[in-house]
Amino acid sequence: MDFPDTYFEVCEKANDCRRRWNINENDPIDIFSVVLNKVKNVTIIFLDMENYISGSSYRTKEQNIIFINSNHPLGRQRFTLAHELYHLLYEDKFIKCDMTSNHEIEEMANQFASCLLMSNGALLNYEREHEIKKWDLDRIIETEQFFQISHKAMLRRLLMLDKITEKEYDNLLPGIIQNARSRGYSNKLYIPYMNKENFVMGNYIKLINQSYENNLISEGKRDELLKDSFNEDLIK
């Protein structure tokens, strides 16, 4: 198996994050909850984007903003969030992650996201604990459901570790929603995080409500801002 030159260094950063957040390496990670609770002043914005765009991020002196394609399935959105987290945590300068970003840095962010969501050690430990001798579709879906990673990401990791062949990868890839449902699993991992095309969560919403409670903005302005952030349901 051939690992990228930066792979082990970046994966150690992912493992260090788990240690600092008191999350066992072998456990699944609730990445949305972790980012909202562990990253200061972070706002996550779901936007209706073209399918080829996964997301982007932007950092100012006081705010961290992450954009995620609202049309992508949850597994891919989780990966995008972990990818953008790398930029926010490990890039010294103000960053704007988009389609013109440095390829090497983007690859490192991908490596970090992959390791953060499911390290090689966690996968091998799961394989040992469940006595997996052959990675068939039953075992693959069971494992990706446990770690909450996309079907494609799961197959790529197994291919990278020489657990499956390229031909098996191609055969195992299609029809994941039906295959998961027929095995008794929810399709939640394979559909978007929420059914709204545009949605804002995190620090921005908190700032709106705090400003209103501290009489810095009027009720009408608060309602206007909540509407602009696609949170009409919070208007009382």
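Summary table below
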| quantity | calculated |
| --- | --- |
| Residue match in region 94-102 (condition: open to solvent by less than 30 Å² (accessible area, probe 1.4 Å) and at pLDDT 90 or above) | no |
| In region 52-77, the residues that are polar (S, T, N, Q), farther than 20 Å from residue 144 by Cα and not in a loop (DSSP other than H, G, I, E, B) | 56, 57, 64, 69 |
| Test: residue in region 121-133 that is in a helix (DSSP H, G or I), open to solvent by 10 Å² or more (accessible area, probe 1.4 Å) and under 30 Å from residue 56 (Cα atoms) | yes |
| Which listed residue is over 22 Å from the mean Cα position of the chain (by Cα) and at pLDDT below 90, from 172, 226 | 226 |
| Test result for residue 204, farther than 21 Å from residue 26 by Cβ and in contact with a Ser or Thr (Cβ under 6 Å, 6 or more places away or on another chain) | yes |
| Leading residue by the ranking (farthest from the chain's Cα centre (by Cα)) among those in region 23-41 that are charged (D, E, K, R) and exposed (fewer than 15 other Cβ atoms within 10 Å of the Cβ) | 40 |
| Neighbours by Cβ (under 7 Å, 6+ apart or cross-chain): first from region 174-192, over 24 Å from residue 48 (Cα atoms) and open to solvent by 80 Å² or more (accessible area, probe 1.4 Å); second in a loop (DSSP other than H, G, I, E, B) and not hydrophobic (A, V, I, L, M, F, W, C) | 181/187 |
| Residues of region 193-236 that turn out to be part of a helix (DSSP H, G or I) and open to solvent by 40 Å² or more (accessible area, probe 1.4 Å), as a count | 16 |
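The values are calculated or read from the model by the stated rules, or taken from the named source; none is laboratory data. Note that the structure is predicted; figures quoted are calculated from it, not measured. Cβ atoms come from the backbone with ideal geometry, glycine included; neighbour counts cover every protein chain shown. The accessibility values were calculated without ligands, DNA or RNA, using every heavy atom of the protein model including side chains. Shrake-Rupley method; radii C 1.70, N 1.55, O 1.52, S 1.80 Å.
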